[in-house]
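Below is one structure; the comments refer to it alone.
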Amino acid sequence: MYIGRTQMLVRRISRVILNKRAESYVISAVILAGVAIAMGFAVLAWAQSRSSDYGSQLSETMNAETAKLKERLAVEYIVYDESTPPPKIWIYLLNWGTIDDVGVQTVHIRKDTWHLTTSTFTLSFFNGTLIPDEDLDIGEEGYILISSIDLDDGGYYYVRVVTVRGAVFDSTFVA
Amino acid sequence: MTRLSWLRRFFRDSKGISTAIGTVLLVLAMFVISSNVFLFTISQNTLYTQAVTESHQTDADRFNEKIVALNGNHTVAGNQVTVEADLTNAGSVAAQVIKLWVFDTYPTNQRYNYASLDLNLNPGDVFRNVVTVTIPGAQTSHSFVSYFVTARGNTVPVTAAEVNGTIVAQVALGIGKVGMDFDAFLYYNVSGTWPNYNLTVWPNGAEGFNVRKNRDIAFRVTLTNFDSNKRTIQLNSHSVLWMIFPTIATQVRCAWWYIVNVNGSGKILSTAKGSFSDVSLPYGSPAYVYFASSEDLSMNNFGLSSSGYDGPSAVNLMLFGKIGGSTFGQNIPFVSVYVT
């Protein structure tokens, strides 16, 4: 009984090994499966890479927007002085937001159709010393000094302070 | 039996397996990736929403912050401008006052300065704030504007003490700095001998609008300092109550009573030359001022004084002294006294 079963098994294995008719089908199936799997992994890697890029871009954008949202600058006072040449503008600022390192990128000054945009200014503490890191931390106060700017005496001017993160703060003054 | 044959057929026939595997992997990959992206986007959106909420809260706190600065006053001594104001937190959030800006509005001295502060006010807190800043060229005659800045960037203008209609009437249509209470104009008889003199009947005296001729008398007037800058006025010994009689058209007849110091029991304290102490009139507080001497006590000893004339007389109250650090002089001409 047992001898009969063993003989049948040996016969089957021998048939599989010695039978060459199905070999090409198996190989082609394996190759096709391999290609499909490889393609699948390639697509997976590519998609993963794309999604990772998207994720990092989104994260970066969100962080920047969140940081911008936390920025608050208050203009305490703006004074235009032409008594001693060259004429200057002092813009006294207070960082009352909830984020440090608020740097000022540009200052826009506008009256009617006249418009001036400048990034040439200094940022100092109220005591006159330059702020080393050129930004305002939470609760810090400082002034922007714009030199050599000629305004109409008694004119009503709009001032827009744009921060490095892109937040915008507006104020007005009379020259 | 059918199921068995389907499975057998599936395993025997390998055609389509690669397609199935590929599809499954692709679907799985897309599912995993899209899930990741979706969850990440959701988490980022949550963070952003939280930041927006915090930002709105920050703005809401700023809008709810309400500090008022009332009873403001500016006084000048040299280049030092002292700003007084009652700071009240009338809002619903605690506030911190960090800066005071002061501006000299005088046309030829439009300068400014600031002082750093650290005042913390809970809702309902009231704080009398006195801050001095230096403004070169500041003068008492100049006008000043000032405002506080809070840590949330709000500005709080200092509002000057209001001068209401009653006060204006009391200071002769707004001219001058001292008002007189017409209802409390009294006179006393002066009794005693050098150097002890007393006012009788103390303390009520009698109404000052009708007095007796040739009687040694003293007057009591009630004065209130209404200086808009709230400075204290010091009256010196030259202050005098001067009575003018239209007795002769070509020549004025007069009587006068110089200012004296009187204690709480009606005794005249300043009888000797140089013994008079300046009478202080703090802002807003009515004060009794007594006039009894025929002599200016910085020049002579006390002398009894009476009117040698009768009939109607115009009374001028001539006040001299100092206000803040400056000299002061004012004439109050609105009392009439009939002498019999």
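Just so it is clear, none of the values below were taken in a lab; they were calculated from the coordinates. Quick caveat, the model's predicted, so the values are computed rather than measured. Cβ: placed from backbone, ideal geometry, glycine included. Neighbour counts: every protein chain shown.
Structural remarks
- For chain B, the fraction of alpha-carbon pairs lying more than 33 Å apart is 55 percent, rounded to a whole number.
- Spatially proximal aspartates and glutamates relative to B:K213 (Cα-Cα < 18 Å; intrachain offsets below 8 disregarded): B:D310
- Dipole magnitude for the protein assembly as shown: about 3300 debye, using +1 per Lys or Arg Cβ and -1 per Asp or Glu Cβ, origin at the Cα centre.
- Simple spin-label estimate for B:T82 and A:H108 in nanometres, 7 Å along Cα-Cβ: 4.7
- Phi-based couplings in Hz for region B:310-325 (Karplus 6.51, -1.76, 1.60; Gly and Pro marked x): 10, x, x, 9, 9, 10, 10, 9, 9, 10, 10, x, 9, 10, x, x
- In this simple spin-label model, placing a label point 7 Å from the Cα along the Cα-to-Cβ direction at both B:N196 and B:S298 gives a separation of 3.1 nm.
- With a Förster radius of 60 Å applied to the C-beta separation of B:Y338 and B:V93, the computed FRET efficiency comes to 0.40.
- Estimated FRET transfer efficiency when R0 is 25 angstrom, pair B:Q139-A:D81 (beta carbons, to 0.05): 0.75
- Phi-based couplings in Hz for region B:258-275 (Karplus 6.51, -1.76, 1.60; Gly and Pro marked x): 7, 5, 9, 9, 10, 8, x, 10, x, 8, 7, 8, 9, 9, 7, 4, x, 8
- The packing ranking, built from the mean of other Cβ atoms within 10 Å per residue, places the peptides B:124-134, B:237-247 in the order B:237-247, B:124-134, highest first.
- By the equivalent-ellipsoid construction on the alpha carbon gyration tensor, chain A comes out with semi-axes of 79, 17, 12 Å, ordered largest to smallest.
- More than 13 angstrom apart: percent of Cα pairs within region B:277-326: 74
- Axis angle, to the nearest 10 degrees, between helix A:23-70 and the longest C-alpha principal axis of chain A: 20 degrees.
- Helix B:2-12 axis, angle to chain B major axis (alpha carbon atoms, nearest 10°): 90
- Stretching B:Q110 away from B:N204 to a fully extended chain increases their span by 28.6 nm, per 0.36 nm per residue minus the current alpha-carbon distance.
- Per-residue average of Cβ from other chains inside 10 Å of B:58-66: 1
- Cα gyration tensor shape of the protein assembly as shown, rounded if a/c is under 1.5, else prolate or oblate by comparing a/b with b/c: prolate
- The spacing between region B:178-222 and region A:74-91, judged by their C-alpha centroids, is 61 Å.
- For chain A, a Gaussian network of Cα nodes joined below 10 Å ranks A:L69, A:L151, A:L32 by mean-square fluctuation, and the top entry is A:L32.
- Region A:96-106 - phi-based ³J(HN,Hα) in whole Hz, Karplus 6.51/-1.76/1.60, Gly and Pro as x: 9, x, 10, 9, 7, 6, 8, x, 9, 8, 9
- Degrees between helix B:17-64 axis and first principal axis of chain B (Cα, 0 to 90, nearest 10): 0
- For region B:165-339, the gyration tensor built on C-alpha atoms gives an oblate shape. Its axis ratio a/c (a ≥ b ≥ c) is at least 1.5, and a/b is not larger than b/c.
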